[in-house]
Amino acid sequence: MSDVDLSGREEADDEFIFGWDDSYQIIQCQGCESIIFRKTHINSEDIGYVEGKDGWEPEYLKREELYPNPEKNRVGLSDDHLLPESLNRIYSETLGALNIGSPVLTGIGIRAIIETVCKDKKASGRTLNNQINDLVGQGVLTQEGADILHKLRVLGNAAAHEVKPHSNAHLGLAFDVVDHLLQGVYILPHHAKQKFK
């Protein structure tokens, strides 16, 4: 709809010291059609690493802020009381991190939710990768579901080990997947057992 790009550079003695780029945009959601203000920021000091063809490669980290934040005040599962206590606790904490705009903690929390599901279902394997695959063997997940959880595992690893913040869009979708996982593994089976005795 509309945007403004600003940038700046500081130099001393013909030596580059610091640079930054900010972008301000008014955008419209293609789904709900709400109008949102978006600011993105990149600077020369904020560098992370991503896995590339030749190993880990440096990448400038882009920070994104949305006003109003579409993920703020996200409501959790209505039947979260049906989750095991430890799972309910990490789910609530992760939802809180998402709602206050803490992307790194949200990413770590999403990974912790997956780990807690694997532990609760006694998935075998030394790594989270193997445990997710074991959930398929147990019939807890479909292979497609496991493939999606592997993507969330990688997202959580980047948050935990690289302190990499993910965008609101990525985290919102990841939380949708978590909600779907918990509905399918815990909540719907409980209701089905109660209704179809």
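A single member of GLY156, GLY137 is surrounded by 16 or more Cβ atoms within 10 Å (Cβ to Cβ) and either within 10 Å of the chain's Cα centre (by Cα) or more than 26 Å from CYS29 (Cα to Cα) (or both), and it is GLY156. Consider region 109-134 and keep the residues that are without any contact (Cβ under 8 Å) to a residue 60 or more places away in the chain and outside any helix (DSSP H, G or I). The one that is surrounded by the most Cβ atoms within 10 Å (Cβ to Cβ) is ALA123.
Check off (1) out of contact with any Pro (no Cβ under 8 Å at 6 or more places or on another chain); (2) not assigned by TED's automatic domain parsing to the domain that holds VAL163 for LYS122 and give me the number that stays unchecked. Among (1) out of contact with any Pro (no Cβ under 8 Å at 6 or more places or on another chain); (2) not assigned by TED's automatic domain parsing to the domain that holds VAL163, LYS122 violates only (2). Checked against (1) loosely packed, with under 11 Cβ neighbours inside 10 Å; (2) farther than 30 Å from TYR186 by Cβ; (3) at pLDDT 90 or above, SER34 passes all but condition (3). The single condition among (1) modelled with pLDDT of 85 or more; (2) part of a helix (DSSP H, G or I) that ALA169 does not meet is (1).
Just to be sure before I move on: is GLU33 out of contact with any Pro (no Cβ under 7 Å at 6 or more places or on another chain), charged (D, E, K, R), over 24 Å from VAL178 (Cα atoms) and assigned to a loop (DSSP other than H, G, I, E, B) in the structure I sent?
Yes: the conditions hold for GLU33.
Quick grid of which residues meet (1) crowded, with 16+ Cβ neighbours inside 10 Å; (2) assigned to a loop (DSSP other than H, G, I, E, B); (3) modelled with pLDDT under 85:
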{"position": "ASP22", "(1), (2), (3)": "no, no, no"}
{"position": "VAL50", "(1), (2), (3)": "no, no, yes"}
{"position": "TRP56", "(1), (2), (3)": "no, no, yes"}
{"position": "LEU66", "(1), (2), (3)": "yes, no, yes"}
{"position": "ASN73", "(1), (2), (3)": "no, yes, yes"}
{"position": "ARG89", "(1), (2), (3)": "no, no, no"}
{"position": "LEU98", "(1), (2), (3)": "yes, no, no"}
{"position": "GLY107", "(1), (2), (3)": "yes, no, no"}
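The values are calculated or read from the model by the stated rules, or taken from the named source; none is laboratory data. The structure presented is a predicted model; accordingly, all values stated were derived computationally and were not measured. Neighbour counts run over all protein chains shown; Cβ positions are idealised from the backbone, glycine included.
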